[in-house]
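Structure, as structure tokens:
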Amino acid sequence: MSTLKGRNLISITDFSKEEYIEVLDIAEGFEKNPKQKILSDKVVATLFFEPSTRTRLSFESAANQLGARIIGFSDPGGTSVQKGESLHDTIVMVSSYSDLIVMRNPKEGSSRYASEVASVPVINAGDGANQHPTQCMLDLYSIRKTQGTLENLNIAMVGDLKYGRTVHSLVQAMCNFNATFHLVSPVELKLPSSVKMSIKDAGLKYYQYTEIKDIIPTADIIYMTRVQRERFPDPMEYERVKDSCILSADMLKGCKENMRILHPLPRVNEITTDVDKTPYAYYFQQAQNGVYVRQALMAAILGVR
Amino acid sequence: MENKKELVVSAIENGTVIDHIPTQSVYQVIRILGLEKYKDEVLIGNYLNSQKLEKKGIIKIKNKHFTKEEISKIALVAPFATIINIENYKVVDKFQAELPDHIENFIRCANPKCITNSEAVPTKFDVVDHENLKLRCHYCEKFTTMETMKFTE
């Protein structure tokens, strides 16, 4: 009997290493055969209190392919939320209409709170800058799929390591798998010390760089993120560092053959389009993997896998 | 007679003595315990000589014993204060105010984007560092420290 039935997924630390692996194994089955009508008697509520393209569509695609009915909204405008209804009341009401709630809300901690007042399981699809655990699960799936394992890998992370929540979650998750971390960022956007501490606490190593070229020969995975202009109080600083975190095809000479480039998307200019045609680009397949991972999570939590 | 040297205010028959309060925290302790509104005898001393702290504050509250939650509040603003329960002029219990591992309700999360600051959600924290007073919000997972701490109204 799976331990995942009836569980909430709010933060990446809610699941154990064994449970991540269980979800990835189930997702593999859905990749081979994605259209299975195993949730045809279920209703999934997708409550998106702020806009999202990839996450909402991939959850809805995942639920549709499993035969579930979907209710919800992609914008709180026109709902009772706009009339001032509390999150508490919205969640209590939606609980009575659905078997599972998928929620994105800009307030940090809102998903944890929703899971405490809901009578059905809640999956966090992003609570502000806090957690986005299904993104992390699909990152793990993509890493395992491209490398054949999650163990003992050299993981390079590039860009905004300070504010990027996907980076923090992925570091936390990969600490379970004996990874070595290679961190490339402008000085202003270095990985926070609390996250570095979790690497140290796991007895693992990290190395810091300011230029991508230094990590090309060693990386098994290059995880790219966007450096946003608004993160810099001084626009001159942004201009000075903005090109240090751009990856182009000519920089990939000398990389390992198994190396793959991941990106949570949307991309702006941090990966030039000439990289898309190289065998190392994996970001679009990564987004596609999100559907299988979300199918696996919904099926496992609803107890049909 | 030795006791008399330390206790510069009169003894109480029943109630609680909060001793070894850092001098800067005495009025904060009064505030967080709501003692301004307490309708019985409260004796307050500050900048008294102390072997332990050099100078200390002390509060004696007649006919009042504190709950676990109230003692957590004392520990937050006056770490290691001594709580002395008195009955019939005798000490029946004496212990240090210590922070529990979890704190609920009376502190606000320092993160303005936290759900607890926009909805009527009671706050919950894990105390991750007892010595340097660092609390981790159960909801938004951000840290609240001594410098950013505010009490709920």
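The values are calculated or read from the model by the stated rules, or taken from the named source; none is laboratory data. Fair warning: this is a prediction, and the values are worked out from it, not measured in the lab. No Cβ is skipped: glycine too gets one built from the backbone with ideal geometry, and neighbour counts run over all protein chains shown.
Counting just the residues of region B:123-151 that are within 13 Å of chain A (Cβ to nearest Cβ) and assigned to a loop (DSSP other than H, G, I, E, B), which one comes out farthest from A:H88 (Cα to Cα)?
Ranking the qualifying residues of region B:123-151, first place goes to B:K142.
Can you name every residue in region A:160-206 that is outside any loop (DSSP other than H, G, I, E, B) and among the charged types (D, E, K, R)?
A:R165, A:E188, A:K196, A:K200, A:D201
Does A:G84 satisfy the criteria of being surrounded by fewer than 23 Cβ atoms within 10 Å (Cβ to Cβ), within 14 Å of another protein chain (Cβ to nearest Cβ) and closer than 28 Å to B:I115 by Cα?
Yes.
Give region B:1-34 a look and list any residue that's within 23 Å of B:N88 (Cβ to Cβ), out of contact with any Gly (no Cβ under 8 Å at 6 or more places or on another chain), at pLDDT below 95 and among the aliphatic types (A, V, I, L, M), or say none.
B:M1, B:L7, B:A11, B:I12
Have a look at A:S111, A:S58, A:S142, A:S115 and point out the one that is buried (at least 22 other Cβ atoms within 10 Å of the Cβ), within 14 Å of chain B (Cβ to nearest Cβ), at pLDDT 95 or above and not in a strand (DSSP E or B).
The unique qualifying residue is A:S111.
Find the residue count for region A:263-305, including only residues that are part of a helix (DSSP H, G or I), of a type outside the set (F, W, Y) and under 16 Å from A:L138 (Cα atoms). Write out each step before concluding.
First pass over region A:263-305, keeping only residues part of a helix (DSSP H, G or I): A:273-275, A:283-301.
Add one more test, that the residue is of a type outside the set (F, W, Y), and what stays is A:273-275, A:285-291, A:293-301.
Filter once more, keeping what is under 16 Å from A:L138 (Cα atoms): A:285-291, A:293-300.
Selection size over region A:263-305: 15.
If you scan region B:103-122, which residues turn out to be under 18 Å from the mean Cα position of the chain (by Cα) and either part of a loop (DSSP other than H, G, I, E, B) or within 7 Å of chain A (Cβ to nearest Cβ) (or both)?
B:N105, B:F106 - these are the residues of region B:103-122 that are under 18 Å from the mean Cα position of the chain (by Cα) and either part of a loop (DSSP other than H, G, I, E, B) or within 7 Å of chain A (Cβ to nearest Cβ) (or both).
For region B:34-76, which residues satisfy the criterion of being without any contact (Cβ under 8 Å) to a residue 12 or more places away in the chain and within 13 Å of the chain's Cα centre (by Cα)?
B:G34, B:T67
Within region A:1-47, count every residue that is charged (D, E, K, R), over 16 Å from A:V122 (Cβ atoms) and within 22 Å of the chain's Cα centre (by Cα).
Total meeting the criteria: 8.
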